[in-house]
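Scroll down for the structure; my scribbles are underneath it.
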Amino acid sequence: MKGCSYPDCEEEDSLPFKCKLCSQYYCAKHRLPEQHDCLKIAIYQTDEYKKAKVSPVVKRVEEEPPKRIERSDYLSPRDAEQKSVFFQPRDRFLLRSPMFSLFSFNYNFVNIIAATFYAFVIMTLHFIVDQTLFKGASLNITTAWIVLIYFVSIGLIYGGHMVAENIAARNLRVRSGHVLWLQGFLVGLFSVLIPFVILPSFLVFRDVDDRNKERGIVALTGVVWILFWQALIFIFNILVLAGIQVLPTIFLSGFNILATFFYIYLIFNLLPFGLNNGRYIANWNKKLVWSLFTVSFVLLIVQLVFSFIIP
């Protein structure tokens with residue numbers, strides 16, 4: 001049995017307390033460092049000792065920062081982990097939906113060609129069905145000319161806006177690409193029976209860091225490209241109303257049909273959610289995206305008026 005080490009203390013305790021500072025044994029009355037005038041009392045005042053006194057010392061293990069996942073492609077089909085990179089929390093219903101699978105070829109220009117060719121086929125079928133089924137017209141040389149106009153214009157406007165986005169991304173050093181909505185290719189077949197066309201292609205970004213401004217500019221480039229060609233068609237219609245025939249009637253008729261489709265496409269693509277361009281523009285500048293949305297909606301109304309006035 002050890003007695004208390006404090007001078008003049010005759011207390012004997014069967015359970016003496018050992019001081020963590022001076023390693024001497026003391027009774028219950030003198031067990032604390034300030035109670036037995038411990039020579040190492042300065043250590044007692046430190047935060048490290050107070051933590052050790054309350055609980056045993058536990059070494060903190062610093063959490064390693066999450067490793068950045070290197071991707072060899074933008075998305076793999078039905079891969080939830082990779083899809084989640086491109087969705088915001090409020091868009092998780094698209095991620096969980098079995099009807100929303102994304103796919104991308106190894107080279108982005110193949111994605112652009114596939115989406116452009118699909119748009120040409122769907123819009124051509126829509127025109128043929130509208131002429132034969134709903135209007136009762138027969139296929140003739142005029143139909144062939146309009147199909148040719150569709151082929152050139154869709155490649156220039158729709159395919160061109162994806163190329164413009166790709167060029168803008170390279171200049172801004174942003175890693176971007178385009179993905180294809182697999183089920184959208186099948187859903188788009190119903191577009192031949194309705195006034196607007198479903199185009200299953202989306203702009204996506206491979207960078208996971210926060211570069212909202214650069215992403216917004218890239219998305220805006222594609223929108224401005226389409227609006228530029230729409231503005232040319234608008235000018236042609238104004239000239240016709242003024243009595244100036246710049247283009248043959250058959251060309252202007254085909255352009256007006258395409259203009260209506262692309263205005264509807266712009267309005268849906270400017271909605272600030274999902275993988276629409278409007279989401280990236282809104283993350284950068286909300287006022288801008290709603291201004292573009294309003295302008296596109298007003299121009300759509302004007303274009304519909306032109307369709308009734310101009311044969």
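One table, with the values for the structure above:
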| read-out | value |
| --- | --- |
| Hey, TRP290 assigned by TED's automatic domain parsing to the domain that holds ALA144 and either under 29 Å from THR124 (Cβ atoms) or buried (at least 17 other Cβ atoms within 10 Å of the Cβ) (or both) or not | no |
| Criterion: out of contact with any Pro (no Cβ under 6 Å at 6 or more places or on another chain), assigned to a helix (DSSP H, G or I) and at pLDDT 85 or above - qualifying residue of ILE257, ILE226, ILE250 | ILE226 |
| Residue match in the stretch 297-310 (condition: surrounded by fewer than 20 Cβ atoms within 10 Å (Cβ to Cβ), in a loop (DSSP other than H, G, I, E, B) and touching a Leu at 6+ places or on another chain (Cβ under 9 Å)) | yes |
| So VAL197, is it aliphatic (A, V, I, L, M) and within 18 Å of SER104 (Cα to Cα) | no |
| Qualifying residue in the stretch 177-192 (condition: under 27 Å from THR132 (Cβ atoms), hydrophobic (A, V, I, L, M, F, W, C), modelled with pLDDT under 85 and in contact with a helix residue (DSSP H, G or I) (Cβ under 7 Å, 6 or more places away or on another chain)) | yes |
| Unmet requirement for ILE281, which otherwise passes all of (1) surrounded by fewer than 22 Cβ atoms within 10 Å (Cβ to Cβ); (2) part of a helix (DSSP H, G or I) | (1) |
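The rows are residues; the columns are (1) within 21 Å of LEU227 (Cα to Cα); (2) hydrophobic (A, V, I, L, M, F, W, C).
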{"site": "ASP130", "(1), (2)": "no, no"}
{"site": "THR142", "(1), (2)": "no, no"}
{"site": "VAL152", "(1), (2)": "yes, yes"}
{"site": "ALA164", "(1), (2)": "yes, yes"}
{"site": "ALA169", "(1), (2)": "yes, yes"}
{"site": "VAL187", "(1), (2)": "no, yes"}
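The values are calculated or read from the model by the stated rules, or taken from the named source; none is laboratory data. Quick caveat, the model's predicted, so the values are computed rather than measured. Don't worry about glycine lacking a Cβ; one is built from the backbone with ideal geometry, like all the others, and counts go over all protein chains shown.
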